[in-house]
Amino acid sequence: MIIKWLRIDSRLIHGQVANNWVNHVGASTIIAANDSAAKDDLRKTLLLQVAPGRTKSYVMSIDKTARCYKNPSYENLDVLLVVETPGDVVRLIDQGVEVKEVNVGGITFKEGMTLISEAVSVSPADVEAFKELDKRGVKLTLQQLPNTGASDFMNRLKSKNLI
């Protein structure tokens, strides 16, 4: 599996991903890797309905995504991979998925989180996962849309005094 782009977005598959990012990175497949969505038939159906018809789309657990990544049958599959949290990225790496760069695009605000940008909020657990990814040498960029500038995500966390 060739991961053309790995994005953290709590909405998983939606208009920005389906229409903008998939075209921008040239992926033929979208995989939403999320344990709860993979178990929820209604959510899975809704996510798959949003995906463009010309693109193969799947909703899989983190474990199944890692198994597919390592399966030689999928070695030429070019993928836009979307996960819900930075902890999901850590889990994928722990299972042997090679990740060099992550686009942090959208994490919905919930109570107890800190707003980092207009589209990204982080919890204390998220901050710890981002620190772990940074320690492992993963480049983290903050970018909501392909036509907006990317910025260094760890610098944004530093500017908010979170690390």
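The values are calculated or read from the model by the stated rules, or taken from the named source; none is laboratory data. Just so you know, these numbers come straight off a predicted model, no measurement behind them. Every residue, glycine among them, receives a Cβ derived from its backbone with ideal geometry; neighbour counts consider all protein chains shown. For the accessible areas, the whole protein counts, side chains as well, though only heavy atoms, and no ligand, DNA or RNA atoms are used. Shrake-Rupley method; radii C 1.70, N 1.55, O 1.52, S 1.80 Å.
Just one of (1) in a loop (DSSP other than H, G, I, E, B); (2) within 16 Å of the chain's Cα centre (by Cα) fails for residue 89. It is (1).
The residues of segment 80-97 include none that are more than 14 Å from residue 62 (Cα to Cα) and either open to solvent by 30 Å² or more (accessible area, probe 1.4 Å) or at pLDDT 95 or above (or both). Entry remark, segment 17-43: residues being more than 19 Å from residue 105 (Cα to Cα) and either within 16 Å of the chain's Cα centre (by Cα) or open to solvent by 60 Å² or more (accessible area, probe 1.4 Å) (or both) number 8 in total.
Report yes if some residue within segment 144-152 is aliphatic (A, V, I, L, M) and closer than 26 Å to residue 52 by Cβ; otherwise report no. Yes - at least one qualifying residue is present in segment 144-152. From (1) over 22 Å from residue 94 (Cβ atoms); (2) modelled with pLDDT of 90 or more; (3) open to solvent by 90 Å² or more (accessible area, probe 1.4 Å); (4) not in a helix (DSSP H, G or I), pick out the condition that doesn't hold for residue 54. For residue 54, the exception is condition (2).
Which one is most open to solvent (accessible area, probe 1.4 Å) among residues in segment 119-153 that are among the charged types (D, E, K, R) and either closer than 20 Å to residue 19 by Cβ or in a helix (DSSP H, G or I) (or both)? Among residues in segment 119-153 that are among the charged types (D, E, K, R) and either closer than 20 Å to residue 19 by Cβ or in a helix (DSSP H, G or I) (or both), the one most open to solvent (accessible area, probe 1.4 Å) is 135. Please tell me if residue 157 is at pLDDT 95 or above, outside any loop (DSSP other than H, G, I, E, B) and buried (at least 20 other Cβ atoms within 10 Å of the Cβ). When the stated conditions are applied, residue 157 does not pass them. Based on this model, can you work out whether residue 85 counts as within 29 Å of residue 124 (Cα to Cα) and either out of contact with any strand residue (DSSP E or B) (no Cβ under 7 Å at 6 or more places or on another chain) or among the hydroxyl-bearing types (Ser, Thr, Tyr) (or both)? Yes. Pairing each residue of segment 107-127 that is closer than 15 Å to residue 11 by Cα with any residue that is open to solvent by 60 Å² or more (accessible area, probe 1.4 Å), provided the two are 6+ apart or on different chains, yields C-beta distances under 8 Å for 108/11; 109/115; 121/108; 121/109; 121/110; 121/115.
When we screen 6, 12 for residues that are on the phi > 0 side of the Ramachandran plot and open to solvent by less than 80 Å² (accessible area, probe 1.4 Å), the only hit is 12.
The numbered conditions (1) within 13 Å of the chain's Cα centre (by Cα); (2) within 23 Å of residue 66 (Cβ to Cβ); (3) not acidic (Asp, Glu) are all true for residue 144 except (2). Scanning segment 98-118 for residues that are on the phi < 0 side of the Ramachandran plot and either surrounded by fewer than 15 Cβ atoms within 10 Å (Cβ to Cβ) or aromatic (Phe, Trp, Tyr) (or both) yields 98, 100, 101, 108, 109, 110, 111, 115, 118. I'd like to know if segment 8-22 contains one or more residues that are of a type in the set (A, V, I, L, M, F, W, C), farther than 24 Å from residue 122 by Cβ, at pLDDT 90 or above and not in a loop (DSSP other than H, G, I, E, B). So far as segment 8-22 goes, no, none of its residues is of a type in the set (A, V, I, L, M, F, W, C), farther than 24 Å from residue 122 by Cβ, at pLDDT 90 or above and not in a loop (DSSP other than H, G, I, E, B).
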